[in-house]
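The structure under discussion appears below in the form of structure tokens.
No value in this document is a laboratory result; all are computed from the given coordinates. Model, not experiment: these values are computed from the prediction. Neighbour counts are summed over all protein chains in view; Cβ atoms, including those assigned to glycine, are modelled from backbone coordinates with ideal geometry.
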Amino acid sequence: MADHAKPGPVERAARAELRKLGCSVQADTTAALAVSLARQIDTSRGAVAAAAAAAQLRVLMADLRAAAAAARPERDAIDEISARRATKAASG
């Protein structure tokens, strides 16, 4: 059964970061789990449960950030030269 409650601040922040990273909760189970943990933190009534979920969320988000960084191509020397030329051409 899906919970249709308004997202809390941790869930909103997690979803915003996932969007920046290009992670889809429909296609990536780790992203979906991160949102679920964020929701648990927002609705938790106990500090111990919230702390445990927060620790897991931190690990998952670090994994997602690392995966997103690895998926981005690194700039090579040709990219650097092209960027310098474009900057130089634009400045005069």
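Per-residue extension of 0.36 nm, minus the Cα-Cα distance of GLU80 and VAL48, leaves a gain of 6.6 nm for this segment. For the chain, what is the relative contact order in percent, using Cα pairs closer than 8 Å and at least 6 residues apart in sequence? That works out to 24 percent.
Cα convex hull, region 1-56: 87 Å³ per residue, rounded to a whole number.
Put a dot 7 Å past the Cα of LYS6, heading toward its Cβ, do the same for ALA71, and the two dots end up 3.1 nm apart. Within the listed set ASP79, ASP63, ASP28, the residue fluctuating most in the Gaussian network model of the chain (springs between alpha-carbon atoms under 10 angstrom) is ASP79. Translational diffusion coefficient, Stokes-Einstein: compute it for region 9-91 using the Kirkwood radius over C-alpha pairs as Rh, at 37 °C and 0.692 mPa s, and state it as an integer in µm² s⁻¹. D, rounded to a whole number, is 222 µm²/s. Counting only DSSP H runs of at least 4 residues, each contributing -39500 (n - 2.57), and dividing by the residue count of the chain, the helix-based mean residue ellipticity at 222 nm comes to -25000 deg cm²/dmol.
FRET efficiency for the pair ALA90 and LYS20, taken as 1/(1 + (r/R0)^6) with r the Cβ-Cβ distance and R0 = 30 Å, rounds to 0.65.
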